[in-house]
């Protein structure tokens, strides 16, 4: 018998013996029983970790690592987007408020002004709540109220993944697009926004869709798409106000810079192109103006002032301190690091490489996809930093751009230290999965949950751990795909 098999057999024996001892202990000493089970499982896990370290792959080459992700990985990412939206109640501070507004809109049928506890709530326009009320009407009977409410955020997230793929494919090709979507799906900030009941998931989609339509129109000389971009920009406004069109406008400035450098700007100064630009602006003004007129007529000047001045300029300048979330200028440093956490090493490596190159860097960043992405992500981050009101969920507006930049960074072969970082992250994901197996059983032993609940989630975690272990051991799977799969299973 090989040494690895000996480790496996001993671990199983230790685990079974420890569990029998815990089971035969008096029921009054539940913490002691839980401790015995935990010690037995820890012994098994240490042997498991030794096996993982022993099978770590050598430094990869770029062609093998950057192959197109396997198809089963897309199914895993789809499961991530939909998992966990109905197995817990509403979480504070945002979800109870958003759920109450959506439920009130569905029951009353009043679509112009959102209401909370019977009073007008004009921090945000009503489009995301209207969409949530529609999904609630269709799926509440089948899914339940909580899952149907969160389903709207999940669907907005899936739509954002699709638009990000289309934009990245046009910017950098299908392989980079595939990795960009995978990078976006595994960003903790994206997972949070698309699994909580928040309007920011709809805003993220609207901005990404508008910029994709603009790029399609400019790169393929299809001016009619500008009208759809104007509708998407109006959707961003009707989700969260002026901030959506402002972020989209920054991306448009990057596109304009690309046009100026490539010389195609002359085509867009023609009569037909200017007409379609005018149509796009008219559609934007018409769709947003209808709602603003309804708000002014139904709500009066006080409600208008609260929405337009307090929630836009008051939040930006910090004068509306009663609305909360006033942060310092460096708030987004840590928030952005958490958002990019699985890919933080790649971003650090890319910044270091850009710093070393120095001369000629500006010229390279003004070519290809970089003007759009840097204006969208960098300009948007600067705008959010200047604003007095800051929250980590506001970074969702920039996440598609950050994901496409990550996909571009993944095309470079990583140095050995970066490969060790990715292996360490993969090991951490395996540790999380391994710890998730006994956790529900420990909750049952301690009397915190029912035994059926504990057994179900322990078996589910065990299946995920077994799948992750099998993926790690498969040398035929490219190492980057293994990293993505293990991280996805940990989520």
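Here, each number is a calculation from the coordinates, and none is a lab measurement. Nothing here was measured: the structure is a model prediction, and the numbers come from that model. Glycine gets a Cβ as well: all are built from the backbone with ideal geometry, and neighbour counts include every protein chain shown.
Summary table below
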read-out	value
Cα centroid of region 316-346 to Cα centroid of region 430-487, whole Å	32 Å
Theoretical FRET efficiency, 1/(1+(r/R0)^6), r = Cβ-Cβ of residue 130 and residue 79, R0 30 Å, to 0.05	0.60
Computed log₁₀ I(q)/I(0) - Debye formula, equal Cα scatterers, no solvent, region 142-223, q 0.12, 0.18 Å⁻¹	-0.39, -0.75
Whether region 268-328 is rounded, prolate or oblate, judged on the alpha carbon gyration tensor where a/c under 1.5 counts as rounded	oblate
Cα-based radius of gyration of region 198-240 once divided by 2.2 N^0.38 Å, which approximates compact folds	1.16
Per-pair calculated FRET efficiency, R0 = 45 Å: residue 310 and residue 269 via Cβ, rounded to 0.05	0.65
Cα convex hull volume per residue for region 117-187 (Å³)	137 Å³
Fewest-first sequence of 397, 105, 206 by Cβ atoms within 10 Å of each Cβ	105, 397, 206
Semi-axes of the equivalent ellipsoid for region 79-211, Cα gyration tensor, largest first, Å	28, 16, 12
Reciprocal of mean inverse Cα separation for region 82-136 (Kirkwood radius, Å)	11.7 Å
Descending semi-axes in whole angstrom, ellipsoid equivalent of region 277-378, from the Cα gyration tensor	39, 23, 11
Estimated Rh, region 302-357: Kirkwood, alpha-carbon pairs, angstrom	14.2 Å
Modelled FRET efficiency - R0 25 Å, residue 108 with residue 142, Cβ distances, 0.05 increments	0.60
For peptides 349-355, 381-387, 151-157, 421-427, sequence by mean Cβ density within 10 Å, most packed first	151-157, 421-427, 381-387, 349-355
Rg/Rg_ref, region 390-476, where Rg_ref = 2.2 N^0.38 Å and atoms are Cα	1.54
Length added when fully stretched, residue 337-residue 460, from 0.36 nm per residue minus Cα-Cα	41.3 nm
Cα radius of gyration and Dmax for region 195-352 (Å)	18.9, 55
Theoretical gain in end-to-end length, residue 473 to residue 219 [0.36 nm per residue, Cα-Cα removed]	87.1 nm
Dmax and Rg, reported as Rg then Dmax, of region 342-491 (C-alpha, Å)	20.5, 64
Rel. contact order, % - alpha carbon contacts under 8 angstrom, at least six apart, region 190-275	26 percent
